[in-house]
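Please read the structure below before turning to the comments.
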Amino acid sequence: MGTSITVRDIDPRDKSWLRREAHQTGVQMEELVRRLIHEKRTKTERRPKPSEAFARHFGEDHGVELPPPLRCGYKPQSFSSGEEG
């Protein structure tokens, strides 16, 4: 990879736990840390709201006008009957 980090002042008990876990898993300590970081990041990533996903795919950048967000939630669409035909 080419990039590395150094963790200073790590608790010796944490370091020995990392060594044991890495040894039991059969990987290097650095690889175990990478996996732990990746696992934590994927668990804490915020999933977009449906409205955010809709806006990303069909928003103003794609020529669609979206209704303004409302604080109380959902507002039904109204269609005027006078503009038919």
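No value in this document is a laboratory result; all are computed from the given coordinates. In this text, all values refer to a predicted model and were calculated from it rather than measured experimentally. All Cβ positions, even for glycine, are placed from backbone atoms using ideal geometry, and neighbour counts span all protein chains on display.
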**OP:** Just flag the GluC sites (Glu not before Pro) in segment 1-69 sitting in loop per DSSP whose Cβ has no more than 15 other Cβ atoms within 10 Å.
**Re:** Glu45, Glu65
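Per the Kirkwood treatment, what hydrodynamic radius in Å, one decimal, follows for segment 1-64 from the mean inverse distance over all distinct Cα pairs?
Details: mean 1/r = 0.0656 Å⁻¹.
This gives a value of 15.3 Å.
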